[in-house]
1. Could you grab the pairs with beta carbons closer than 6 Å, sequence gap of 6+ or different chains, first residue in segment 110-136 and among the charged types (D, E, K, R), second one open to solvent by less than 30 Å² (accessible area, probe 1.4 Å)?
2. Counting just the residues of segment 86-104 that are part of a helix (DSSP H, G or I) and free of Cβ contacts under 8 Å to residues at least 12 places away in the same chain, which one comes out surrounded by the fewest Cβ atoms within 10 Å (Cβ to Cβ)?
3. Among 87, 78, 17, which is the only one that is modelled with pLDDT of 85 or more and over 28 Å from residue 128 (Cβ atoms)?
4. In segment 24-40, which residues are open to solvent by less than 30 Å² (accessible area, probe 1.4 Å), modelled with pLDDT under 95 and farther than 11 Å from residue 98 by Cβ?
5. For segment 66-85, which positions are open to solvent by 80 Å² or more (accessible area, probe 1.4 Å) and of a type outside the set (A, V, I, L, M)?
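The values are calculated or read from the model by the stated rules, or taken from the named source; none is laboratory data. Because the structure is a prediction, the values reported are computed rather than measured. Backbone-built Cβ (ideal geometry, glycine too); neighbour counts: all protein chains shown. Please note that ligands, DNA and RNA were not included when accessible areas were found on the heavy atoms of the full protein model with its side chains. Shrake-Rupley method; radii C 1.70, N 1.55, O 1.52, S 1.80 Å.
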Amino acid sequence: MMPQYHLLASTIIATALLILTKSPTASLLCLLTGFLLDTDHLIDYWLYKKKITLDKGILQGFYEKWNKIPVLLHSIELLIPLWIYALIKNTYLIPLAITIGTTSHLALDLASYELHPLSYFLTYRIAKKFEKKYICRNSENINVSYRELHKDLKR
């Protein structure tokens with residue numbers, strides 16, 4: 001899912017959290033976590049290009065040229081300890097807000113693409129050497145999805 005859509009969804013979820021909890025801090029953390037989780041795409045892009053630059057190609061589907069999809073922050077292994085910590089912590093609101101932001105981001109991504117059921121497990125991606133063919137059910141789907149979303153944004 002493109003960052004703009006994550007920003008919109010995270011804003012809606014963060015607003016609901018603000019209404020329910022009356023905590024601007026929790027709301028802001030939920031918003032930032034849900035949106036900024038995609039910073040790992042910047043890292044992937046820099047690994048692919050072998051240089052640090054801010055190029056419009058970051059949002060235009062460089063994955064169609066690169067056969068790997070590391071996205072290290074898109075990981076259920078990171079989500080599980082977040083949920084455990086959020087549920088057992090006495091002052092649970094802040095960890096819960098971060099966990100809700102992360103969970104909503106991953107859920108939206110999983111709903112947006114045809115991915116292998118284990119694709120958001122970092123250990124699975126590592127075992128498969130981050131190869132796109134093992135992450136996407138049809139590795140062409142991610143290419144088409146990014147292109148179609150980019151075309152929609154131009155309209």
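1. 132/69
2. Applying the first criterion (part of a helix (DSSP H, G or I)) to segment 86-104 yields 86-88, 93-104.
From what's left, free of Cβ contacts under 8 Å to residues at least 12 places away in the same chain: 87-88.
Details: 87: 11, 88: 9.
Checking each candidate, the answer is 88.
3. 17
4. Those that are open to solvent by less than 30 Å² (accessible area, probe 1.4 Å), modelled with pLDDT under 95 and farther than 11 Å from residue 98 by Cβ: 38, 40.
5. Residues satisfying the conditions are 67, 83, 85.
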